[in-house]
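The values are calculated or read from the model by the stated rules, or taken from the named source; none is laboratory data. Given the structure is predicted, the values throughout are model-derived calculations rather than measurements. Cβ: placed from backbone, ideal geometry, glycine included. Neighbour counts: every protein chain shown. The area values use the complete protein model at the heavy-atom level, side chains included, leaving out ligands, DNA and RNA. Shrake-Rupley method; radii C 1.70, N 1.55, O 1.52, S 1.80 Å.
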Amino acid sequence: MREVEFDLLSVRPLKTLILWRGFPYVFQALTLIAFLLLAYIGFGVFPTEGINAKLFAKSNLVTLVIWGLWWPAMIWTAVLAGRAWCMICPLEFVSNLSERLARRLGIEQRSLGQWLRSGALMVLLYFAIQMLVSGVGLHRVPAYTSFFLIGLLASAIVVGFVFKDRAFCRAFCPVGLLLNAYGRGGMLAVRPGSSAACSSCADKGCLIASNRNKVDGRSCPSLLNPSRLNSNKDCLVCGQCIKSCAPDNMQLVLRQPFPEKDAREPLASWPLTLFIMLASGFVTSELTAESSIAQAAFVWIPEHIADILRLSHYLGWLEGIWALVLFPAVLWLLLGGMIALFRRTSIGDAWRRLALPIAVIVSAAHMSKALAKFTSWAGFFPHALTDPLGTKTAMDIASHAVPSPEPLVNIHVASGIAFGLLLVGTLLALREVRLANPTYLRVHAAPKFALAGLFVIIIMAWG
Ligand code: SF4
Ligand code: SF4
Ligand code: SF4
């Protein structure tokens with residue numbers, strides 16, 4: 001069956017925008033200003049004593065925008081449009097600037113070693129952020145969120161200074177693997193047009209090293225080969241290869257989700273596999289947070305461990321270890337065990353074969369949580385614009401002087417949409433198995449249905 005796709009560069013104003021010298025830098029500079037403003041507003045701000053921490057987080061502009069609006073929007077954007085966020089990301093911008101500065105100063109910059117290129121550090125950084133969310137309430141405290149933004153910008157600058165070739169994005173970005181895993185089936189993609197044009201291209205502007213350090217029209221700064229691009233996993237949609245292609249053969253394609261002609265990996269790398277295992281636990285925990293019954297059931301074990309070991313003071317950290325390590329370990333022993341048993345393969349092999357198709361279901365569940373969060377937090381935005389610190393808003397709502405903003409979408413509707421997302425995600429996950437690992441299709445169905453079933457049960461508790 002012919003796959004549906006449309007080259008957005010055939011729309012003249014869009015092509016003019018992408019080829020403009022200021023693209024994507026002007027947009028990145030704007031998001032950088034927004035990041036800096038939020039870091040400034042949140043600097044040194046802690047929740048007011050006596051006010052519910054979650055209510056305060058919704059009322060404060062910094063925690064509201066970063067954790068309630070931007071983060072959920074990034075999840076949806078990644079799944080629907082690949083790494084489109086990367087196009088305007090301020091971290092790539094500052095890292096690019098510091099990489100250029102270091103080069104100007106004659107500093108000898110290093111290439112990434114194999115361990116860093118594998119993505120192992122990105123798993124650890126994502127884990128560290130989620131542990132801070134659980135342990136100290138990173139997402140509820142504006143001062144910590146401000147520190148988080150400053151830390152991200154500072155580390156992007158330092159990495160750009162020390163390493164070359166967009167190293168921050170390739171090895172240090174805490175959401176790099178999330179975007180890599182969730183964005184593969186996205187509907188926006190940079191792809192070469194005719195392969196004949198690439199074969200006869202003498203210039204190879206998208207590849208040659210002499211173009212790499214230019215400001216505009218660079219050969220791929222991520223060291224990809226744009227003329228053979230067949231996956232969204234590493235492409236940041238920066239448009240540089242489109243500008244550097246003299247024969248005008250690169251396309252910015254709007255296409256159907258998960259097209260068959262994209263490359264698939266039957267075995268995911270270990271760092272990616274571990275990331276998806278970790279994400280499955282984190283997303284389960286996030287889904288349960290929308291229902292007091294489901295949440296009580298999910299944290300029952302860490303709460304009892306805290307009681308027995310008299311570690312109630314560290315309950316948040318224990319809940320983090322439970323959600324990110326112990327629960328996923330048990331879950332994946334069951335999921336991988338089903339495959340290892342029937343195919344007589346090692347559990348590690350089963351996990352690596354399961355990882356990418358399972359990522360489709362996890363991303364659908366993550367979208368569900370993101371929808372519930374975005375729609376219930378968005379109503380606070382007008383209040384946060386007039387009272388950025390949020391103290392007055394939170395106190396007024398807590399004392400019932402003003403009503404709490406209604407969610408944009410009723411929780412029953414959100415749970416209905418979530419159910420639909422999981423159904424589509426499960427079907428797409430099975431299709432991914434057929435395309436990547438056809439001989440495993442039958443044994444893969446059971447773990448997919450088991451995970452999707454778990455998520456559906458939790459979502460049914462929302463209403
Ligand atoms: S990989 Fe990370 S740092 Fe790089 S552009 Fe994407 S989100 Fe930004
Ligand atoms: S510059 Fe364009 S035509 Fe030449 S190899 Fe690269 S993508 Fe192909
Ligand atoms: S392939 Fe093109 S759009 Fe993708 S990262 Fe490389 S230069 Fe940017």
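Brief remarks on what is shown
- Translational diffusion of the chain was estimated from the Stokes-Einstein equation, with Rh taken as the Kirkwood radius over Cα pairs; at 4 °C and 1.567 mPa s the coefficient is 55 µm²/s.
- Span from the the stretch 36-65 Cα centroid across to the the stretch 162-215 one, whole angstrom: 37 Å
- A crude spin-label estimate for the pair L30 and L334, with each label 7 Å from Cα along the Cβ direction, gives 4.6 nm.
- Modelled label positions at A445 and Q109, each set 7 Å beyond Cα in the direction of Cβ, lie 5.1 nm from each other.
- Separation of the N225 and A196 label points, Cα + 7 Å toward Cβ, nm: 2.1 nm
- Alpha-carbon radius of gyration plus Dmax, which is the widest Cα pair, for the stretch 230-337 in Å: 21.1, 69
- Straightening the chain between L309 and L427 buys 38.1 nm, computed as 0.36 nm per residue apart minus the Cα-Cα spacing.
- Structure note, pairs K261/K448; K58/K392; K164/K214; K15/K261; K54/K392; K369/K392: Cα-Cα distances above 20 angstrom occur for K261/K448; K15/K261; K369/K392.
- Segment V4-R343, extension gain: residue separation times 0.36 nm, minus the distance between their alpha carbons: 118.5 nm
- At 1.306 mPa s and 10 °C, Stokes diffusion of the stretch 77-181 via Kirkwood alpha-carbon radius, µm² per second: 109 µm²/s
- Simple rule: put +1 on each Lys or Arg Cβ and -1 on each Asp or Glu Cβ in the stretch 97-149, find the dipole, and look at I107, G119, F147; the Cα lying farthest toward the positive end is I107.
- Percent accessible area from carbon and sulfur atoms, the chain, protein chains only, probe 1.4 Å: 67 percent
- Peptide ranges 81-89, 441-449, 284-292 listed from the most packed, as the mean C-beta count within 10 angstrom indicates: 81-89, 284-292, 441-449
- Solvent-accessible area per residue, Å², over the chain with all protein chains present [probe radius 1.4 Å]: 45 Å²
- Along principal axes, Cα extents of the stretch 330-463, largest first, whole Å: 64, 25, 24
- Computed lengthening from A296 to L408, 0.36 nm per intervening residue step minus Cα-Cα distance: 37.7 nm
- Q109 sits among other residues whose Cβ lies under 11 Å from its own Cβ, and their net charge, with Lys and Arg +1 and Asp and Glu -1, is +1.
- Between the stretch 273-294 and the stretch 334-378, the Cα center-to-center distance that results, in Å: 10 Å
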